[in-house]
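The values are calculated or read from the model by the stated rules, or taken from the named source; none is laboratory data. Computed from a prediction, not measured in an experiment: that's the story for all the values here. Here Cβ is always computed from backbone atoms with ideal geometry, including for glycine, and neighbour counts include all displayed protein chains. For accessibility, only protein heavy atoms count, side chains too; no ligands or nucleic acids. Shrake-Rupley method; radii C 1.70, N 1.55, O 1.52, S 1.80 Å.
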Amino acid sequence: ESLAAQSEGLLLLTATPEQLGLEGHFARLRLLDPERYPSLEEFRREQRTYHEVARLLQIIEATDTLEIKDKALLRNIFSEKDEGEFAAYLGALESSDPERLRRAIDELVDRHGTGRVMFRNTRELLTGFPKRLAKLAPLKLRESLKEAERKARLEAECELASEEHTPSGKHPEPLDYKAGSRIGWLTELLKKLGDAKVLLICRTREKVLAIETALKSSINLNIAVFHEAMTLVQRDRSAAWFAEPDGARILLCSEIGSEGRNFQFAHHLVLFDLPLDPELLEQRIGRLDRIGQSETIRIHIPFLEESSTELLARWHHEGIDGVEHSLRGGGAYLQTFGKALSELAARYHEGTQATQKDTQDLLQRSRAFKDDLEEQLRSGQSRLLARNSFRPEQAETLVSQINAVDADPTLNEYLNVLFDHFGVTVEDISPGTYAISPGQLFTEALPGLPNEGMTATCHRSEALGREDMAFLTWEHPMVRGAMEVILSSEQGNTAFISLPSPDGRPGILVEALYVLECVAPPALHVDRFLPPTPVRVVVDMAGKEVTKNWPHKSFDSEGQDEETFRLKNDGGFLEEQVPNLLKKAQAIAEGEKSAIVTSAIELAHRHLDNEAVRLRALQKVNENVREVEVETAEKYVSEVLRHLGKAHLRLDAIRLVLLEP
């Protein structure tokens, strides 16, 4: 909270926003905007109103006729002083113009405010996610009945107890799985799967080490471990070894491996135990269930028959369907059924008719609760968030632009020249994928290239499937760093070439390359409107512009390098005529600068003015819009325009062209 109060900007990312319940969700939103979210009670009240607005949105989209009660609900969104705006809005909703109706619907969602600091996309709206297949494996207890009862109670205590009951996550006694059913089952599974990669997640470090010990005594294969007692470097090495094709076959993770790591190159997940919290289960499955996963995910769940592990597996799979499908609002399930589930787990191994009846009742109530919750989320906040978070038309435009950049071979061609220039050692793994290392660099170091080298690719799909592989784009630190090194050096600033004269008369041309730059604070992002822009001018001996007559490619393709001694023999030309010709070129470039800057200012107005106007209008009907937001937007526009007006030309390179008869 202290950090948030002192930060100029704050971005919170989470795949499970309600893992800690509504209170935790509210606390995170309050970090983003404490004035927008002043109290939990007000937040709860606002959540309840989402259903009414979402219902109204559904009516508007389905019909062009609003009933009196619907108009009354709509009227409540507007303030008393906006009668004219409300009338215009109502007219738009009843209009036959689809574009006008679309804008009106967007304004309704915007006015309600769900999208001002919160965006959420769901799997229903997106594509590219894999299917999930539950592979439940019931196992017989090998111990005596008395020992089985003791183990069942131990499972209930360790697996289903709250964090308050087991804060350290440690088991009350050392674990030994060598004679247990699950290790025998796991050994057979690994043999059956052959070379397939397997990710295993369990709750504690003690379990990880016990499973490792038991596996090593029963099967010979490469095993990697990943737990909280390891350093970050050690965990990175284990994850990288698991990612290598000939590396570890299985990675044994404690709960720390259920967040933040991506293993979509693997297709088999073993849940050696199950968490009580559905959100945590989703986190575990999410290590494989990611964009870039190319196969159906097999989720293997071994459980001991007539033990609490069987109850938990049945509840997650049969009761709430959280294994094969992603759940929304997982915290609500834990809050509603957590206590009952833990109490039933403590006596589940008894197997009495009363226990079986209670189990069926719990599963039935869970299914009914899930259906009801899903319907509430579809009709309430989630519907509004989905509407504001995903705009298909804009998304398609962005995706097409990204695909065009990805398909352009220019970067791959540039990288080959770049690596050769710096002396980087390159091993081609496949077209567009390299293993690169510093080798004998011409500079002390190439920015962004680690001393140990790296594996990198220009293919997005390849990089998505391999977390250990760098994705090379024009924005990659190594590519940008190399460009900076080249641009900041003197190499290439001047050149002297000769060309055959088209009319047979000798002469001199001066090609001047200027860069139009706008120096401004990074927060303004003025490069959206005026990125560093090259301005090329070619003048002849008389100072006349001949740029169109001499394209840049003609100099590159037809020109021959000339020796500089030919210029040094005529010192007067370099000292007097060239500076005068550059003044002529500068004046011509200044004329082009004015047109470019004017265009950039017009573009800035189109993009930024609407936001300030929107906030000012929104403030009248939405109390969540603060005056400081409006003032900030208006100041932002003026600052961007001020800096654009101060853009200047910088002479970047000169080329003298000798025209020979």
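Is the shape of segment 456-556 rounded, prolate or oblate, going by the alpha carbon gyration tensor and its root eigenvalues a ≥ b ≥ c, with a/c under 1.5 for rounded and a/b larger than b/c for prolate? In terms of gyration-tensor shape, prolate.
For segment 389-537, the square roots a ≥ b ≥ c of the C-alpha gyration tensor eigenvalues yield an a/c of 1.5 or more together with a/b not exceeding b/c, which makes the shape oblate. Put a plus charge on the Cβ of each Lys and Arg, a minus charge on the Cβ of each Asp and Glu, and nothing anywhere else: the dipole of segment 204-358 about its Cα centre is then about 320 debye. So what's the angle, to the nearest 10 degrees on a 0 to 90 scale, between helix 410-422 and the longest Cα principal axis of the chain? Here the helix axis deviates by roughly 80 degrees. Cross-link pairs exceeding 21 Å in C-alpha to C-alpha distance, out of Lys553/Lys593; Lys69/Lys370; Lys135/Lys339; Lys553/Lys583; Lys178/Lys339; Lys135/Lys191, comprise Lys553/Lys593; Lys69/Lys370; Lys135/Lys339; Lys553/Lys583; Lys178/Lys339. Listed options for percent of Cα pairs over 44 Å apart are (i) 44; (ii) 26; (iii) 17. The value calculated from this structure is the one marked (i). Electrostatic tally near Glu639: other residues with Cβ closer than 13 Å to its Cβ, Lys and Arg +1, Asp and Glu -1, net +1. Here the gap between Glu67 and Ile219, fully extended at 0.36 nm per residue and compared with their Cα-Cα distance, gives a gain of 47.7 nm. Normalised per residue, the accessible area of the chain is 54 Å², obtained with a 1.4 Å probe and no contribution from ligands, DNA or RNA.
May I ask you to compute the full-extension gain from Gln356 to Leu10, defined as 0.36 nm times their residue separation minus their alpha-carbon distance, rounded to one decimal in nm?
Roughly 119.6 nm would be gained on extension.
Here the label points at Ala240 and Ile429, each 7 Å from Cα along the C-beta direction, are separated by 1.2 nm in the simple model.
Residue ranking by accessible heavy-atom surface, 1.4 Å probe, largest first, among Met483, Met541 comes out as Met541, Met483. Taking amide H atoms as placed 1.01 Å from N in the peptide plane, the amide H of Ala470 lies under 5 Å from those of Thr455, Ala456, Thr457, each 5 or more residues away in sequence or on another chain. Remark: segment 181-238 carries a charge dipole of roughly 80 debye about the Cα centre, counting +1 on each Lys and Arg Cβ and -1 on each Asp and Glu Cβ. Summing +1 for each Lys or Arg and -1 for each Asp or Glu among the other residues whose beta-carbon sits under 15 angstrom from that of His607 gives -3. Atom-type composition of the exposed protein surface of the chain places 52 percent of the accessible area on carbon and sulfur (1.4 angstrom probe). The Asn580 and Ser489 beta-carbon pair, evaluated with R₀ = 22 Å, returns a calculated FRET efficiency of approximately 0.20. Accessible surface for Val399 stands near 80 Å², nearest 10, in the context of the full protein assembly shown (1.4 Å probe).
Packing-based ranking of 351-359, 634-642 yields 634-642, 351-359, ordered from highest to lowest mean Cβ neighbour count within 10 Å.
In a reduced charge model with +1 at each Lys and Arg Cβ and -1 at each Asp and Glu Cβ, the chain shows a dipole moment near 1380 debye about its Cα centre. Only protein heavy atoms count here; on that basis, with a 1.4 Å probe, Lys593 has an accessible area of about 40 Å². Highest-first packing order for the peptide set 277-289, 404-416, 230-242 is 277-289, 230-242, 404-416, based on the mean count of other beta carbon atoms within 10 Å.
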